[in-house]
Amino acid sequence: MKNYLEMTKEELLALKEELDLQFEEVKGKGLSLDMSRGKPGAEQLDISMGMMDILNSSSDLKCETGVDCRNYGVLDGIPEAKRLIGEMAEVNPDEIIIYGNSSLNVMYDTVAHAYIHGVCGNTPWCKLDKNVKFLCPVPGYDRHFRITESFGIEMINIPMSPDGPDMDLVEKYVSEDPMVKGIWCVPKYSNPQGYTYSRETVARFARLKPAASDFRIYWDNAYCVHHLYDTNQDFLVEILGECAKAGNPDMVYKFCSTSKISFPGSGIACVAASPANLKDLLANMTVQTIGHDKLNQLRHVKYFKDMDGIRQHMRKHAMIIRPKFEIVLDTLDRELSGLGIGTWTNPHGGYFVSFDSLEGCAKAIVAKAKEAGVTMTGAGATYPYGKDPKDTNIRIAPTFPSAENLKKAVDIFVLCVKLVSVEKLLEK
């Protein structure tokens, strides 16, 4: 197929007529397909069902220190859970607090703590005379942006590259503006592009010289073990150790969870940080709770046993979702390569493929897909305030639909990309 950008008006009109017929035929099928969120599919949930049999009424429900996990107490998590999640997060167990099932909840609480109480003795953000600002690598995770937006925090776009955020911009904002208090990061298999921060990017993060003493890197390592391949895996430098070596031990909160490892609604989450940061967070937690779900922590430890158990489990996940990513990428390559109307990422892990359309087309593509029966993440969601300045980015989430439904959904998506692109070119 000829590059759309090189077509004459007559060729585009003829192509539009053909695409319109295809679209009406698809629309007439009355399909209802969901490709909107990065949720594990039912087959993925099934591989963790053995965890439901780990504990029963005759089980020893004491942790290794003799604490009864049915009762109150152990605010920061049972020792064996801290060891297991510490190994997954690549940190010392003493650097971790184990929470409930949701790392998003932990991130919200961490921002709320800074806003209401202040970070390590600094002025609470709610009592400052000027607006707090956050740096937001874009495209990025919509739920991060919704947290900061809910507190009225001003968000600043930072462009992403395959190596990570534009560190020249990050360094400039962080070093010059004391109202810049944080940056959101998904450093490994980023949401939505699937990029992993380079060694140099992590080193530059660790060497930041913030104008604000309460500046923190919100390091959401959600996909730390979520590889698609056994051999072609991305490597991420461990940030806490780098910050400590650079003389900035308190500059980062590192989050992770088992949400897409065991059960998304019933996993365990953690924050890893310096002793000073953990002490600060625990002081507030003592008011919030008398302890998180230790039975669930015990269940995870007994089921996975160690890091090797988690790795073996993640290979099962990869065997299920790798073919789905291949359906998406093969279809995009076959149907759109060389047409000049879109580019996309080819990640080695994580949960998403990022697609960039012609400028001004993303919202129309997603709306057209919806009209044909395919629900996708809203265009603009990957930017703060839902405003993609160029209206180009679309997040593709392959994991939740069955392979059969995914193939139908992606076929419809590429049809919509073609149709909307032709319409945009005809406008010119």
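The values are calculated or read from the model by the stated rules, or taken from the named source; none is laboratory data. Quick caveat: nothing in here was measured; it's all calculated off a predicted structure. FYI the Cβ positions are ideal-geometry reconstructions off the backbone, even for glycines, and counts take in every protein chain you see. Accessible surface is based on the protein model in full, side chains and every heavy atom, while ligands, DNA and RNA are left aside. Shrake-Rupley method; radii C 1.70, N 1.55, O 1.52, S 1.80 Å.
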Check: Which whole-number value in Å³ per residue fits the convex hull of the alpha carbons of segment 278-330?
Finding: 153
Next item on the list: Please tell me the relative contact order of the chain in percent, rounded to the nearest whole number, where contacts are Cα pairs under 8 Å and at least six residues apart.
Entry: 26
Notebook entry, point to check: What percent do you get for the relative contact order of segment 266-377 when only Cα pairs under 8 Å and 6+ apart count?
Noted result: 12
Margin query: Spelling out what I want: for every residue of segment 194-207, take phi, set θ = phi - 60°, compute 6.51 cos²θ - 1.76 cosθ + 1.60 (Karplus), and round to whole Hz; glycine and proline get x.
Written below: x, 7, 10, 4, 6, 4, 5, 4, 4, 5, 5, 4, 5, 9
Next item on the list: Determine the alpha carbon to alpha carbon distance for each of K254/K407; K254/K294; K39/K62; K390/K418; K188/K245; K368/K390 and list only those over 26 Å.
Entry: K254/K407; K39/K62
Check: If you find the alpha carbon centre of segment 110-185 and of segment 285-313, how far apart are they in angstrom?
Finding: 30
Item checked: Bins of 5 Å, starting at 0 and running to the largest distance - Cα pair percent for segment 243-378 -> 2, 7, 11, 13, 13, 12, 12, 11, 10, 7, 2, 0
Notebook entry, point to check: What number, in percent, do you get for the relative contact order of segment 345-406 if the mean sequence gap of Cα pairs under 8 Å and at least 6 apart is divided by its residue count?
Noted result: 39
Next item on the list: Tell me, rounded to the nearest percent, the portion of alpha carbon pairs in segment 96-136 spaced more than 13 Å apart.
Entry: 60
Item checked: Centroid-to-centroid separation of segment 326-375 and segment 223-257 [C-alpha atoms, Å] -> 29
Check: With every protein chain left in place, what is the accessible area per residue of the chain in square angstrom, probe 1.4 Å?
Finding: 43
Notebook entry, point to check: Which net charge results when you count Lys and Arg as +1 and Asp and Glu as -1 among the other residues whose beta-carbon is under 12 Å from that of C69?
Noted result: 0
Check: Under a Cβ-Cβ cut-off of 10 Å, what is the net charge of the residues other than L55 that fall near it, where Lys and Arg count +1 and Asp and Glu count -1?
Finding: 0
Notebook entry, point to check: What number, rounded to the nearest 500 deg cm²/dmol, is the helix-based mean residue ellipticity at 222 nm of the chain, given -39500 (n - 2.57) per DSSP H run of at least four residues and division by all its residues?
Noted result: -13000 deg cm²/dmol
Next item on the list: Can you tell me the equivalent ellipsoid semi-axes for segment 245-310? Use √(5λ) from the Cα gyration tensor, largest first, whole Å.
Entry: 25, 17, 10
Item checked: Sites I54 and N346, calculated FRET efficiency, Cβ-Cβ separation with R0 25 Å, nearest 0.05 -> 0.10
Next item on the list: Work out Dmax and Rg for segment 1-125 from the C-alpha atoms and quote the Rg first, both in angstrom.
Entry: 27.1, 79
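Would you mind getting the Kirkwood hydrodynamic radius of segment 8-73 from its Cα pairs, rounded to one decimal in Å?
Hydrodynamic radius (Kirkwood, Cα only) of segment 8-73 equals 18.3 Å.
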Next item on the list: Grab the eigenvalues of the alpha-carbon gyration tensor for segment 303-428, scale each by 5, take roots, and send me the semi-axes largest first in whole angstrom.
Entry: 30, 16, 13
Item checked: Separation in nanometres of the label points that stand 7 Å from Cα toward Cβ, at C126 and M319 -> 5.1
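Viscosity 1.567 mPa s, temperature 4 °C: give me the Stokes-Einstein translational D for the chain in µm²/s, with Rh taken as the Kirkwood radius over C-alpha pairs.
Values: Rh = 23.0 Å.
D = 56 µm²/s.
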Notebook entry, point to check: Taking all protein chains as present, what is the carbon and sulfur share of the accessible area of the chain, in % to the nearest whole number, probe 1.4 Å?
Noted result: 49
Check: To the nearest 20 debye, what is the magnitude of the charge dipole of the chain about its Cα centre, counting +1 on the Cβ of each Lys and Arg and -1 on the Cβ of each Asp and Glu?
Finding: 580
Next item on the list: Filter the chymotrypsin sites (Phe, Trp or Tyr not before Pro) in segment 162-242 to those in DSSP coil with at most 13 other Cβ atoms within 10 Å of their Cβ, and list the result.
Entry: Y229, F235
